[in-house]
Each structure stands twice: as C-alpha cells, then as structure tokens.
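**Q** Here you go, one structure.
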Amino acid sequence: MKRLVLLVALLALLPGAVLQAQQPAAAPGAAANPSPPAGVPQDFVPAGSLPQAEQLPAAPLVIAAYAFVWVALLVYVWSLWRRMTKLERELADLQRRVQRQ
C-alpha cells in the first residue's frame, strides 16, 4: 500500500517538475510578464462573444465525467462483491476442513 501511495505521489508531482525544468531561466533584467503574441486579446473576453469554433460545450463534458465516475464506482463495487463472495467460499471451505479434523 505504501508503494502505491508513493507511486501516485510521484506521478502527480513528476509533470510539474518536468515542466519547471523545461522553462528557461529568466534573465535578471527581463520583464516578469512578456507581451502576448499578436492576435491574442489583451483584456477579458466573455465566452458568449467568442466564435462558435472556440467554445467548448460544457454539458457533454460534464455528462461524460459523471458517467465515467459512476462506471468506475460500479466496477469497484462489483470487484468488491466478487472478492467478498470468493472470501466467503474460502471461509466456508476452511470451516468444513476444521470440523473434519
């Protein structure tokens, strides 16, 4: 279990460390906020005013996320149910073996 927790922690921290290592070090006199590329708006732009091609539909993404979570939960519960059934069978078999001796 400790190895699994360590592995998950490393996998969670590794992408950030790699990205930080790939960023060039800023020169002491360099500006903290470089200017954005041409064509990128400087101010806040409401999502309603963006072209349709640049808007992401939220409803299908939320539904997909909830469906994924429910399927994962059902698979986990099914897995627990199978393991418990196997354990109960093994315990019953063990009780029969003990009673014979």
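The values are calculated or read from the model by the stated rules, or taken from the named source; none is laboratory data. All of these numbers come straight from a predicted model, not from anything done at the bench. All Cβ positions, glycine included, derive from the backbone under ideal geometry; neighbour counts span all protein chains shown.
**Q** Taking the options Leu10, Leu73, Leu50, name whichever one is surrounded by 10 or more Cβ atoms within 10 Å (Cβ to Cβ), of a type outside the set (Asp, Glu) and at pLDDT below 70.
**A** Only one candidate qualifies: Leu10.
**Q** Applying the selection to the range 53-65, what residues are of a type outside the set (A, V, I, L, M, F, W, C) and surrounded by 10 or more Cβ atoms within 10 Å (Cβ to Cβ)?
**A** Within the range 53-65, just Gln55 meets the criteria.
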